[in-house]
Structures are given as structure tokens and as C-alpha cells.
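Just so it is clear, none of the values below were taken in a lab; they were calculated from the coordinates. Being a predicted model, the structure only gives us computed values, none of them experimental. Note that we place each Cβ from the backbone using ideal geometry, even for glycine, and neighbour counts take in every protein chain shown.
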Amino acid sequence: MFNDQDGIRITPTFYFVQKDGKNRRLVDLYYHSDTARFVKIGSSADVERRNVILNSRLRNVPGQDLVDTSSTLWEMFSGPRGWQVTKQRYMEKYIKDTSKKTYVGGYDVQILTAPLRTFRGNMYGLPAGVDIYRANAAVQQWYGEYSLPAAVYVVPKGTNLAQYGGRLDDKSKVFLKDGYIVVNFTIETIRNGDTSNPYLQYIRRSNSPYYGVYDNQWRDMEGFKSSFTTPYGVTFGSVDGDVLYYNADKSSYDDFNSSGTH
């Protein structure tokens with residue numbers, strides 16, 4: 001997982017659950033774009049492009065990780081690939097490029113690629129004969145970010161909004177309210193750009209060649225719990241991969257308002 005064509009694919013699935021924690025169901029999400037109303041996430045009209053900057057100020061990526069990663073990449077690949085650039089020049093360009101945008105996908109799927117990966121393996125005090133650069137590349141951290149559109153509209157999965165014609169507005173009764181949107185992630189590793197055959201998965205699935213072989217990372221490493229209780233005494237059941245809850249009655253527009261002094 002240290003080649004240029006390796007990556008992490010994150011595929012969200014959307015659910016709706018009532019505020020009392022009951023009646024969880026699959027849903028489709030819609031939003032308004034700059035050019036169209038009620039665009040379905042994952043449809044051909046959903047063309048929003050999401051970008052991530054590795055070395056953005058608020059991401060707080062350790063500077064030493066960038067130095068070590070650039071050094072390791074040059075040591076591992078400059079010889080086999082016949083690079084003519086010096087190590088110092090390569091490292092300078094690598095670190096400069098970490099402040100550029102990297103395209104990751106849209107709302108329906110994202111692939112974190114090599115520019116969003118750092119190597120974090122220990123390089124010091126290793127036994128004699130251990131390749132310190134392979135040791136550094138053996139532990140990795142991948143950076144990404146995910147959010148839904150500022151305002152989303154929730155309908156039971158498979159609902160055909162076209163049948164409503166031009167009669168839809170933001171308050172139409174077809175949209176689910178009084179509950180939460182649950183974003184569930186399927187996380188897979190991609191090796192050598194082969195998106196059709198994921199290398200590893202974060203969760204064991206019955207149709208996976210890795211089923212029953214590797215641990216369920218959510219439960220065995222992340223401490224995932226099958227339920228949680230809110231401060232208001234409401235218990236919600238959780239499914240492996242649940243990562244985000246959005247209030248279906250709110251939007252980020254609610255966080256802002258305009259006003260004047262006179």
C-alpha cells in the first residue's frame with residue numbers, strides 16, 4: 001500500500017432513524033445545486049466534485065511526517081524508477097505539493113489517493129538489517145474529510161420524485177422529518193488501481209473473499225458499540241460502519257443569519 005496507485009475507497013450508505021431511535025430504514029438524499037433543484041446523491045446529475053488538501057492549516061499534519069514520507073518515497077523509488085531529481089529537490093517539491101487540492105470524488109463515493117497518505121512507521125533504534133524506509137512505510141495515515149450538502153432532503157429509498165412534477169418544495173410531506181440521517185461507511189483498500197477487486201475491507205462481508213479471515217476492524221480495533229444512549233435517555237442501535245448522525249430537520253444554513261446595526 002505504498003505505491004502511487006494505492007488508495008482507500010469510502011462508500012457511504014444513508015439511513016434514516018426516528019428521534020426515538022426506532023424505524024431505521026434506507027433512504028435517498030437530495031440537494032439543490034447551483035443549476036438544478038432536488039439532485040439525487042449518486043445520480044448522473046450529481047456532479048459535485050470534492051477536494052482535500054493534505055497540509056491545510058487546520059488539519060495539523062505533523063511536519064516531520066511530511067519530511068519522513070518524502071524521504072522514504074525517494075529512497076524506495078528513485079533507483080527502480082530512474083528518477084534524475086536529487087533527494088533534496090524531490091522532498092522540497094513533495095512538501096510544496098501537499099498544500100495543493102487533491103480530487104477525491106463526490107458525495108456518493110470517495111477515493112483517498114497517494115497524495116493524502118503519510119508514512120508514520122518508526123525509523124529509529126531498529127535492529128540491524130531492518131530497512132528503515134520500509135519500516136517507515138509500513139505504518140500509514142490517510143487523510144480525508146466528508147460532509148453532506150448544506151441542506152439535504154430525505155426520502156425512503158427508491159422514491160420517485162419525478163412523479164411529483166413541479167409541485168415539490170422544501171416543505172413537501174414526502175420528505176422525512178423528525179429524525180436523523182445516519183451515514184454508514186464501507187471502507188476498502190485499493191491496490192495498484194484495481195477498483196474492481198478491493199485488497200482489504202474494514203468489515204467482514206459474506207460475499208467477500210476475506211470473510212472470516214480477517215478481523216472486523218470496527219469491533220476489534222475501534223471499540224465499536226452496537227448501541228448508545230443519548231443524554232436524553234434515548235437509545236439508538238448502531239450498525240458496523242455508522243460514523244455520522246445528521247439532524248434531518250436542520251441544515252448548516254441554520255448556523256448563520258444576517259443582521260445589521262440599523
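Restricting region 38-139 to trypsin sites (Lys or Arg not before Pro) that sit in a DSSP loop and have at most 13 other Cβ atoms within 10 Å of their own Cβ leaves R49, R81, K100. For the chain, the longest principal axis of the C-alpha atoms and the axis of helix 63-77 are separated by about 60°. Taking Cβ atoms as reference points and 9 Å as the exclusive limit, the residues near A114 contribute a net charge of -1, counting Lys and Arg as +1 and Asp and Glu as -1. For the chain, the longest principal axis of the C-alpha atoms and the axis of helix 87-97 are separated by about 10°. Altogether, the Stokes-Einstein calculation at 37 °C and 0.692 mPa s, with the Kirkwood radius of region 54-112 over Cα pairs as Rh, returns a diffusion coefficient of 252 µm²/s. With a Förster radius of 30 Å applied to the C-beta separation of R191 and N247, the computed FRET efficiency comes to 0.20. Per-residue Karplus couplings for region 112-124, computed as 6.51 cos²θ - 1.76 cosθ + 1.60 with θ equal to phi - 60°, are listed in order as 7, 9, 3, x, 10, 10, 10, 9, 10, x, 5, 10, 10 Hz, Gly and Pro entered as x. Exposure proxy for T229, T186: other Cβ atoms within 10 Å of each Cβ, ordered fewest to most, give T229, T186. Remark on region 22-97: ratio of C-alpha radius of gyration to 2.2 N^0.38 Å is 1.85. If you plug the beta carbon distance of L58 and D97 into 1/(1 + (r/R0)^6) with R0 = 25 Å, you get a FRET efficiency near 0.85. Each listed q (0.08, 0.09 Å⁻¹) maps to a log10 I(q)/I(0) for the chain, found by the Debye formula over equal Cα scatterers with no solvent: -0.44, -0.55. Here's the picture: a label point sits 7 Å out from the Cα of Y124 along the beta-carbon direction, and within region 76-99 nothing has its amide nitrogen under 11 Å of it.
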